[in-house]
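> Sharing a structure with you now.
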Amino acid sequence: MDTHSRLRQLLEERGWTEYRLAKKCGLSQSTLANIFKRNTMPSVATLEAVCRGFGITLSQFFAEEEMIELSPALRDLYDSWMPLTVEQKAAVLQVIKAMNQK
């Protein structure tokens with residue numbers, strides 16, 4: 001998906017106008033008009049501002065599939081999981097599966 005298509009998709013998903021996006025991200029309407037009507041590519045700084053306006057990260061903007069936001073508890077679990085060895089991860093999964101069977 002190209003940048004312009006993704007921007008249009010995000011506007012449509014939220015039911016926003018270009019004007020509302022300009023207000024949300026703190027950019028001028030002319031900046032957004034250049035992107036949408038003249039088909040210009042936004043700079044990285046402009047795209048970051050647009051993403052902030054949408055309430056997403058650049059990673060989420062460019063993700064091919066839906067990204068899942070981690071809650072603080074899931075983030076803690078993930079951070080604890082990552083340094084484990086393959087064997088430790090297998091053991092943890094066995095414990096979790098056993099707990100879910102009851």
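The values are calculated or read from the model by the stated rules, or taken from the named source; none is laboratory data. Just so we're clear, the structure is a prediction, and the values are computed from it rather than from any experiment. When we count neighbours, we look across all protein chains shown, and the Cβ atoms used for this are built from the backbone with ideal geometry, even at glycine. What goes into the accessible areas is simple: the full protein's heavy atoms, side chains included, and nothing from ligands, DNA or RNA. Shrake-Rupley method; radii C 1.70, N 1.55, O 1.52, S 1.80 Å.
> So which residues in segment 46-67 are open to solvent by 60 Å² or more (accessible area, probe 1.4 Å) and not polar (S, T, N, Q), if there are any at all? Walk me through how you get there before you give the answer.
So the first thing to find is which residues in segment 46-67 are open to solvent by 60 Å² or more (accessible area, probe 1.4 Å), and the list is 48, 52, 55, 57, 59, 62, 64-67.
Scanning segment 46-67 gives E48, R52, G55, F62, E64, E65, E66, M67.
> If you take just the helices (runs of 4 or more DSSP H) that sit entirely in the chain, which of them hold at least 1 residues that are in contact with a helix residue (DSSP H, G or I) (Cβ under 7 Å, 6 or more places away or on another chain), among the basic types (K, R) and touching a residue at least 24 places away in the same chain (Cβ under 8 Å)? Reasoning before the result, please.
Working: elements: 3-14, 18-25, 29-37, 44-54, 58-62, 72-81, 86-101.
Qualifying helices (runs of 4 or more DSSP H): 3-14, 18-25, 44-54.
> Would you point out the residue of segment 68-102, among those that are within 30 Å of D2 (Cα to Cα) and either touching a Ser or Thr at 6+ places or on another chain (Cβ under 7 Å) or open to solvent by less than 90 Å² (accessible area, probe 1.4 Å) (or both), that is modelled with the highest pLDDT?
Filtering segment 68-102 for residues that are within 30 Å of D2 (Cα to Cα) and either touching a Ser or Thr at 6+ places or on another chain (Cβ under 7 Å) or open to solvent by less than 90 Å² (accessible area, probe 1.4 Å) (or both), the one modelled with the highest pLDDT comes out as S71.
> Looking at M41 and the list (1) modelled with pLDDT under 90; (2) under 30 Å from S5 (Cα atoms); (3) open to solvent by 70 Å² or more (accessible area, probe 1.4 Å); (4) under 21 Å from the mean Cα position of the chain (by Cα), which single condition is not satisfied?
(1)
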